[in-house]
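Report on one structure; see the data block that follows.
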Amino acid sequence: MKKSISENPVVKEIAAARQTAWVNPGKKPWKEASTEILLTGKDIDDAEARLHRFSPFIAKCFPETADQNGIIESPLTPVPVMQKYLEEQYHAVIRGKLFLKQDNALAVAGSVKARGGIYEVLKHTEELALDAGILKKEDDYSTLASEQCREFFRKYKIQVGSTGNLGLSIGIASAAIGYEVTVHMSADARQWKKDMLRSHGVRVVEYESDYSEAVRNGRQESDADPFSHFVDDENSRDLFLGYAVAARRLKRQLAERNISVNEDHPLFLYIPCGVGGAPGGVTFGAKELWGDYVHVFFVEPVQAPCMLLGMATGLHNKICVQDVGLTGLTHADGLAVGRPSGFVGKVMESVLSGAFTVEDKWLYEYMRGLWDTEDIFIEPSSCAAFEGPLRLEQYAKTREYLERNNLTDKMEQAVHITWGTGGRLVPGDVREEYRNTYLD
Ligand SMILES: *Cc1c(COP(=O)(O)O)cnc(C)c1O
């Protein structure tokens, strides 16, 4: 490793595996930042319209979505008792109102991956069907759920590399459409996730190494087969846009609660980050709507802060956490990623507010806290989000961020949204096991 990198104070702190906060020095006013990003609101419109076209098909394939007319969306839930619990338990002050965006409850995939993952599979499906002439854009897309169409899709393959949840999302959705699916699972993936996929008829290939290796192998195997589409978590623009649609839906939910986001009413989002696609896409969608009035922080495990490392060094996917002596190992399987997406890191350079890192043991504490106070279960990876509102006014660096952005006096009117990224599909016995993990 180059000396200049190892002497970077941020890298030193990351390498020591201590909990820390980082404020992005490259953040720019949205007016300027937006001109540097190649994607625009039009791209999000297009993704949203596509999800709408597919809604009759989704409703038919996944009856659990019928009461939402085939739109896969999660509730925005106030969590005042959790807020109080965090303040009391950790001697913190969380000014403003705390909410949980419950992507843990999303239909079909039970995680935020239901957004990007399913979107990419649908987009690919639309392309194949339009090309083959079995679909026109004006058609009712529920015709794609017919036995003839399933037969057509059976000729095609979908592959993906995953630490677990992306595999579940792609696997369950693709298998329902008719594709032959292969999920390349990293060593961190939990057993129940592999079992569940196999029960859906998905081929699961297991690796003894980490996520990057699973992705590399999956990509190779897929690229060698002209009938196979690889869902590329590290580079996919489609995944990213599927996640970005979340902000549009969130805006409506805030409006329903008479919450406005403006200069005097700042919005804070705290999103657990793995390779970066999900939090990056949500961030882009949120910036496109609220510009400088929304402040986004990612949260990563102390042993796998790949996005933070990539952004702080400017090296993005050219550096991995192992390069600075970290293990990349964490109980937070959804965040067990050593090397970030270069594409996402580049987009985040001028828009992300900052990041926090968290030790695994706190994930279980926050998980139990939420369960006990609000009767909501989310998986350990998701719980990383709570580190954000809890620490925002504790670290000197983030306090200074608030000061510099004239937010200090507005925090009573702030809305904090922790992104609950997964949980619904976790079996009962595994939940119990999580409940008993890291009990001191
Ligand atoms: C995948 C995942 C994340 C992070 O998403 P990335 O796109 O990998 O950054 C966070 N939480 C959970 C539960 C996940 O499954």
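The values are calculated or read from the model by the stated rules, or taken from the named source; none is laboratory data. The model shown is predicted, which means the values in this text are computed figures rather than measured ones. Cβ placement follows ideal geometry from the backbone for every residue including glycine, while neighbour counts extend to all protein chains displayed.
Observations on the structure shown:
- Residue in segment 318-326 that is farther than 17 Å from residue 240 by Cα and within 16 Å of the ligand (Cβ to nearest atom) present: yes
- Residue in segment 54-85 that is farthest from residue 120 (Cα to Cα), counting only those that are in contact with a strand residue (DSSP E or B) (Cβ under 8 Å, 6 or more places away or on another chain) and hydrophobic (A, V, I, L, M, F, W, C): 82
- Residue satisfying all of: in segment 373-411; free of Cβ contacts under 8 Å to residues at least 40 places away in the same chain and of a type in the set (D, E, K, R); nearest to residue 427 (Cα to Cα) among these: 375
- Segment 24-36, residues that are surrounded by fewer than 17 Cβ atoms within 10 Å (Cβ to Cβ) and either under 21 Å from the mean Cα position of the chain (by Cα) or more than 10 Å from residue 350 (Cβ to Cβ) (or both): 25, 31
- On inspection, residue 164 passes the criterion of being crowded, with 20+ Cβ neighbours inside 10 Å, within 16 Å of the ligand (Cβ to nearest atom) and on the phi > 0 side of the Ramachandran plot.
- Of all residue pairs spaced 6 or more apart or on separate chains, those with beta-carbon atoms under 9 Å, a first member in segment 317-338 that is at negative phi and a second member that is aromatic (Phe, Trp, Tyr) and not in a loop (DSSP other than H, G, I, E, B) are 317/343; 331/364; 331/434; 336/211; 337/211; 338/211.
- Some residue of segment 246-260 being within 16 Å of the ligand (Cβ to nearest atom) and crowded, with 17+ Cβ neighbours inside 10 Å: yes
- The number of residues in segment 398-426 being in contact with a strand residue (DSSP E or B) (Cβ under 9 Å, 6 or more places away or on another chain) and within 29 Å of residue 438 (Cα to Cα) comes to 11.
- Listed by first and then second residue, the pairs with beta-carbon distance under 7 Å, at least 6 apart or on different chains, first residue in segment 423-436 and in contact (Cβ under 8 Å) with a residue 60 or more places away in the chain, second surrounded by 14 or more Cβ atoms within 10 Å (Cβ to Cβ) and polar (S, T, N, Q), are 423/104; 423/382; 424/104.
- If only residues of segment 144-153 that are more than 13 Å from residue 228 (Cβ to Cβ) and free of Cβ contacts under 8 Å to residues at least 60 places away in the same chain are counted, the one that is surrounded by the most Cβ atoms within 10 Å (Cβ to Cβ) is 149.
- Qualifying residue in segment 349-366 (condition: over 15 Å from the mean Cα position of the chain (by Cα), under 23 Å from residue 277 (Cα atoms) and in a helix (DSSP H, G or I)): yes
- Candidates 180, 208 - the one that is over 22 Å from the mean Cα position of the chain (by Cα), surrounded by fewer than 20 Cβ atoms within 10 Å (Cβ to Cβ), farther than 23 Å from residue 59 by Cβ and at pLDDT below 95: 208
- Of all residues in segment 67-124, exactly one satisfies the criterion of being of a type in the set (Lys, Arg), within 24 Å of the chain's Cα centre (by Cα) and more than 25 Å from residue 276 (Cβ to Cβ), namely 97.
- Condition broken by residue 418, with the remaining ones in (1) hydroxyl-bearing (Ser, Thr, Tyr); (2) in contact with a His (Cβ under 8 Å, 6 or more places away or on another chain); (3) more than 19 Å from residue 312 (Cα to Cα) satisfied: (2)
- Counting only residues that are farther than 27 Å from residue 281 by Cα, part of a loop (DSSP other than H, G, I, E, B) and away from the ligand (no atom under 16 Å from the Cβ), segment 385-436 holds 2 of them.
- Among the criteria (1) part of a helix (DSSP H, G or I); (2) away from the ligand (no atom under 16 Å from the Cβ); (3) of a type outside the set (Phe, Trp, Tyr), the one residue 181 does not fulfil is (1).
- Sole residue being at pLDDT below 95, within 9 Å of the ligand (Cβ to nearest atom) and under 26 Å from residue 185 (Cβ atoms), chosen from 334, 280: 334
- Residue 357 being surrounded by 14 or more Cβ atoms within 10 Å (Cβ to Cβ), of a type outside the set (A, V, I, L, M, F, W, C) and within 16 Å of the ligand (Cβ to nearest atom): yes
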